[in-house]
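Remarks on the structure that follows.
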Amino acid sequence: MTRDLSHWLRHPDAPTAFCPGCGHGILLGTLLRAIDTLAIAAQDLLFVSGIGCAGWIPSPHILADTLHTLHGRAIPFATGAKLANPRLTTIVISGDGDLLSIGAGHLVHAARRNIDLTVIVANNGIYGMTGGQTAATTPLGVSTATHRAGNPDAPVDACQLALAAGARYAARFPVTDPPRLQAAIARAIATPGFALVDALSPCPTQYGKFQPEDSIAACYRRFEADVQQRSDAATGAAMPFGEFVP
Amino acid sequence: MARGAIAAGCNYYAGYPITPSSGIMTEIAAHFQATGAGVFAQMEDEIASACSLIGASWSGARAMTATSGPGFSLMQEALGYAYFTETPMVVINVQRAGPATGQATRVAQGDIMQFRYGSHGDVFPLVFCPASVADCFSLTALAFRYSEMLRLPVFIAADESVAQLRETAYLDVPAPVVPRRAVDDTPFDADIAGGVPGMPSFGDGAALLVTGSTHDGHGMRRVDSPEVHERLVVRLRNKTLLREAELDQTLLEDMADAEVAIVAYGICARSARAAKNALRQSGARVGLVHLRTLWPFPQQTLQAACANTPHVVVAELNLGQLAAVVQGVLMRPVHALSQVNGLPMSPGKIAAFIAELS
Ligand SMILES: Cc1ncc(C[n+]2csc(CCOP(=O)(O)OP(=O)(O)O)c2C)c(N)n1
Ligand code: SF4
Ligand SMILES: [Mg+2]
């Protein structure tokens, strides 16, 4: 069944700024569907994002309060907004570089202090906006703009990191599985306290640029497989899809 | 400063411990915890503190933090964001001897130019500088007033000595902070001659678009438009620059017949006052220009005050940061009396320096 989501869009007829095939547009739709099912008033919603392609998922698209912040700092901005007005359902949605590299410290501490935020990582395993450099989430061995011969470092597992710091809920699903991703987002929002969703949202343009596949679909398949398998083989720590509750 | 903030209705404080500013945090935290009058957040670092203030301010709070040199450096990106998004908040920097870790418990005034130019891009900040316990109270309250009136982050350039002062002070009830104009169809644009738009809060139903990218009056990103960027940057400059006289808190003492003017601020203003009074006793015609607004720099006041003063001495705890500005404003050489040894400048040193001039 399709839902009319146009009332959630600031400019329903305008295209997004994302490249064709970008996962972030699918993630935007999935997020809006999750919110629509929860029947939260737009007035009570605040979306906070950082800098990167993913920072544009809420801003300017969603017709609600949006705070487009600095690279890496979405979580502390959101923390202040939430503490000063606890009535706001506060959703942070931003990139993997943003939330897990430059902003990783903030994530740990917001989880530790159990700030009632929902953090959605739009994880494409790469710095998309800046041209495909290795990120903290790039699977081991994957070729990037800064490591043509393959990323030498193991990636961070956002769910395990958040849970170790005290998150009340964590989940990982790809945008290619909208029903389960949508349900996870809805559950994260409904969770009192800190919750995180690691949403695999591929970047055919910058991640795909250094991969042998030439179709967007193949790029999606490869990224999802890389996340689940490569880290597994190299580090012994699997990064499976699913819901994780402490 | 904590009491001034509370008197002005501060109800959100975020901070990270750093000497010699931590006393402000403990004082406000205890007050909020005892009275429930506000939210205290001890953050993971100064970047997070400054960022959380911006979020809190857009949720309608009167927000403040206090820090010291290294923490102030960490905050700069967020302070530029607050300036560009016209977010009211108050930031105290209790200056200590730097750069780097420097001397954490020693006094300095080395951050004067960081207040002015700390952010990347063109910024025109508002900075007050206290020299007494009464100033700490009233200028902090005034900072809240102007942060709300002008939608600006406002800075308090304290120094270690002034922040640790103990003295009897008579405090005036501060002028009330005027509540924000909460409705505006274009919350990011106004008359370019220094206009200040209204500011709805999150949760008001305004579907706000707040962004640190260049934006039009509705908050829409306009990262390609030369006109939109120029209009915004120029209007933000005009907010403070065109209000130089209104924002000026300079005190002039014994300047009418002065042959030597001492220009000083913060702890040095106290030493300068003592030196001036002692020299006056022995007949020397010495006056004091006590700066309490550092930026926008009170050019007109200084030019008028020193128009007939042959000698101008700028006494400060840095290597001539404000002396260079004063020289530029007066368009003639001034005497820089600099000290960077982590100690307050003694009145005797100032008096001896002036005695050498004539
Ligand atoms: C302090 C700072 N450092 C670097 C940048 C440059 N920068 C802009 S976006 C970005 C990467 C964004 O990557 P990610 O968060 O993964 O988002 P994506 O574009 O992949 O969706 C970087 C490094 C910046 N804006 N600010
Ligand atoms: S560069 Fe990648 S992440 Fe950015 S819009 Fe294009 S596909 Fe999406
Ligand atoms: Mg990314």
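The values are calculated or read from the model by the stated rules, or taken from the named source; none is laboratory data. This is a predicted model, so every value here is computed, not measured. FYI the Cβ positions are ideal-geometry reconstructions off the backbone, even for glycines, and counts take in every protein chain you see. Surface accessibility is based on the protein's heavy atoms, side chains included, excluding ligands, DNA and RNA. Shrake-Rupley method; radii C 1.70, N 1.55, O 1.52, S 1.80 Å.
Considering amide H positions built from the backbone, and no H for Pro or chain starts, which residues 5 or more places from B:Leu208, or on another chain, come under 5 Å of its amide H?
A:Asp65, A:Thr66
Please report the carbon-and-sulfur percent of the accessible area for segment B:2-163; probe 1.4 Å, protein heavy atoms only, DNA, RNA and ligands left out. Numbers along the way, then the final one.
Working: 2260 of 4270 Å².
Summing carbon and sulfur atoms, their accessible area is 53 percent of the total for segment B:2-163.
Each residue of segment B:311-319 in turn: what ³J(HN,Hα) in whole Hz from Karplus with 6.51, -1.76, 1.60 and θ = phi - 60°, glycine and Pro shown as x?
Once θ is set to phi - 60°, the couplings for segment B:311-319 become 10, 10, 10, 10, 9, 7, 9, 7, 8 Hz.
Hey, what's the Cα Rg ratio for chain A versus the globular rule of thumb, 2.2 N^0.38 Å? Don't skip to the answer; put the middle values down first.
Details: Rg = 16.6 Å, N = 246, 2.2 N^0.38 = 17.8 Å.
That works out to 0.93 for chain A.
Buried by at least 50 Å² relative to the chain on its own: which residues of segment A:75-100 qualify, computing accessible area with a 1.4 Å probe on protein heavy atoms?
Hits at the 50 Å² cut-off: A:Pro76, A:Phe77, A:Leu83, A:Ala84.
On C-alpha positions alone, give me the angle between the axis of helix A:178-190 and the longest principal axis of chain A, in degrees, nearest 10.
So the helix axis and the longest Cα principal axis differ by about 50 degrees.
Probe 1.4 Å, all protein chains in place: accessible area of B:Leu251 in Å², nearest 10?
Accessible surface of B:Leu251 is approximately 60 Å².
Leaving out ligands, DNA and RNA but keeping every protein chain, what accessible area does A:His61 have, in Å² rounded to the nearest 10, with a 1.4 Å probe?
Counting only protein heavy atoms, the figure is 30 Å².
Roughly how many whole Å is it from the C-alpha centroid of segment B:135-197 to that of segment B:106-129?
Value for the Cα centre distance between the two parts: 16 Å.
Would you report the distance distribution of C-alpha pairs in segment B:250-357 as whole percents per 10 angstrom bin, up to the bin with the largest distance?
Percent of pairs per bin, in order: 16, 55, 27, 1.
Divide by every residue of chain A the summed helix terms, -39500 (n - 2.57) for each DSSP H run of at least 4, and state the resulting mean residue ellipticity at 222 nm, rounded to the nearest 500 deg cm²/dmol.
Taken over chain A, the calculation gives -8500 deg cm²/dmol.
In whole Hz and in residue order, list the ³J(HN,Hα) couplings for segment B:185-202 that follow from phi through the Karplus curve 6.51 cos²θ - 1.76 cosθ + 1.60, θ = phi - 60°; x for Gly and Pro.
Per-residue couplings from phi come out as 6, 10, x, 10, 8, 6, 3, 5, 7, x, x, 10, x, x, 9, x, 10, 4 Hz.
Quick one: with all protein chains in place, what share of the accessible area of chain A is carbon or sulfur, to the nearest percent (1.4 Å probe)? Could the numbers behind the result be given before it?
Working: 4920 of 8800 Å².
Roughly 56 percent, rounded to a whole number.
What residues have an amide H closer than 5 Å to that of A:Ala135, excluding those fewer than 5 places away on the same chain, when H is modeled at 1.01 Å from N in the peptide plane?
Distant-sequence amide H within range of A:Ala135: A:Tyr127.
Which value, in Å² and to the nearest 10, is the accessible area of A:Thr2 when all protein chains are kept and the probe is 1.4 Å?
Taking all protein chains as shown, A:Thr2 has close to 130 Å².
Averaged over every viewing direction, what's the projected area of the C-alpha convex hull for the protein assembly as shown? Give it in nm², one decimal, please.
Mean projected area of the Cα convex hull: 28.9 nm².
Need one number: nm distance between label points at B:Val234 and A:Ala218, each 7 Å from Cα along Cα→Cβ, rounded to one decimal.
5.4
Would you work out the charge dipole size for segment B:2-163 about its Cα centre, treating the Cβ of every Lys and Arg as +1 and the Cβ of every Asp and Glu as -1, and quote it to the nearest 20 debye? Before the final figure, lay out each step's value.
Details: 7 positive and 12 negative charges, 56 e Å.
Charge dipole, segment B:2-163, about its Cα centre: 260 debye, nearest 20.
Quick one: which residues, 5+ away or cross-chain, put their amide H under 5 Å from the amide H of A:Val119? H built at 1.01 Å from N.
Hits under the 5 Å cutoff: A:Val92, A:Ala195, A:Leu196, A:Val197.
What aspartates and glutamates could a cross-link reach from B:Lys349, if we take a straight Cα to Cα line under 15 Å and drop same-chain neighbours fewer than 8 places away?
B:Glu316
What does the charge dipole of chain A about its Cα centre add up to, to the nearest 20 debye, if the Cβ of each Lys and Arg holds +1 and the Cβ of each Asp and Glu holds -1? It would help to have the intermediate numbers written out before the result.
On the way: 17 positive and 18 negative charges, 70 e Å.
For this selection, approximately 340 debye.
In Å², and per residue, what accessible area does the protein assembly as shown have when probed at 1.4 Å with the other protein chains present?
On the way: 22190 Å² over 604 residues.
For the protein assembly as shown, the solvent-accessible area averages 37 Å² per residue.
Please list 3J(HN,Hα) in residue order for segment B:153-164, calculated via the Karplus relation 6.51 cos²θ - 1.76 cosθ + 1.60 where θ = phi - 60°; whole Hz, with x for glycine and proline.
Karplus-based 3J(HN,Hα) across segment B:153-164 equals x, 10, 10, 10, 8, 7, 10, 4, 5, 5, 5, 9 Hz.
For the pair A and B, how large is the buried accessible area, both sides, in square angstrom to the nearest 100, if the probe is 1.4 Å?
Values: alone 10020 and 14690 Å², together 22190 Å².
What A and B bury together is about 2500 Å².
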